[in-house]
Amino acid sequence: MNENDWKNNPLLQSIAPEKLELLTELAEESKTKPSKEILPYFLALNAKAAKQGVTFTDAETELILGVLKERMTPEDLKKIETIRKLSRMLGSRQKKG
């Protein structure tokens, strides 16, 4: 994937400006960070977004991860998958409860 291909994703046409700003910040910062720092940066930016009341849909999260995965270590990719599985499990519990 070209580093700017994510900008052509049709999902971005309907994304809120504050989300687009965070996505752009994430994409730009991930280019300059060592691969071992990408996951912690992603988690910190996600916390920043949550504090601002910004949440991402599953499709938006997939887009974000698609941008980041290219530079992540195999270890970080495994961590992401574990986090995603836990998130899905917690989400399904909240819907049932």
Whole-Hz couplings from phi, Karplus 6.51/-1.76/1.60, listed for segment 65-77; x for Gly and Pro:
5, x, 5, 7, 4, 4, 10, 7, 6, x, 5, 5, 4
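Can you sort 89, 72 by how many other beta carbons sit within 10 Å, fewest first? Write out the running numbers ahead of the final one.
On the way: 89 10, 72 19.
Fewest-to-most ranking of 89, 72: 89, 72.
Which pairs, out of 33/85; 36/85; 31/85, put more than 23 Å between their alpha-carbon atoms? Each step should come with its number before you reach the end.
Details: 33/85 26 Å; 36/85 21 Å; 31/85 26 Å.
Check vs 23 Å cut-off fails for 33/85; 31/85.
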What size of dipole, in debye to the nearest 20, comes out for the chain about its Cα centre when the only charges are +1 on Lys and Arg C-beta atoms and -1 on Asp and Glu C-beta atoms?
620
Additional length obtainable on full extension of the chain from residue 33 to residue 57, 0.36 nm per residue less Cα span:
6.1 nm
Given contacts defined as C-alpha pairs under 8 Å and at least six residues apart, what's the relative contact order of the chain, whole-number percent?
35
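Starting with the fewest neighbours, write out 76, 58 ranked by other beta-carbon atoms found within 10 Å of each beta-carbon. Show your work: numbers first, answer last.
Details: 76 19, 58 11.
So the ranking, lowest neighbour count to highest, is 58, 76.
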Two-decimal Rg/Rh of the chain from alpha-carbon positions, Kirkwood Rh?
0.96
Quickly rank 64-71, 46-53 as a protection proxy: mean count of other C-beta atoms within 10 Å, highest first.
64-71, 46-53
Positive end of the dipole of the chain, charges at C-beta (+1 Lys, Arg; -1 Asp, Glu), about the Cα centre: which of 22, 10, 40 has its Cα farthest in that direction?
40
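Read-outs throughout are calculated quantities, based only on the coordinates presented, and are distinct from any laboratory measurement. On a predicted model such as this, the values are computed, not experimentally measured, just so you know. Neighbour counts are summed over all protein chains in view; Cβ atoms, including those assigned to glycine, are modelled from backbone coordinates with ideal geometry.
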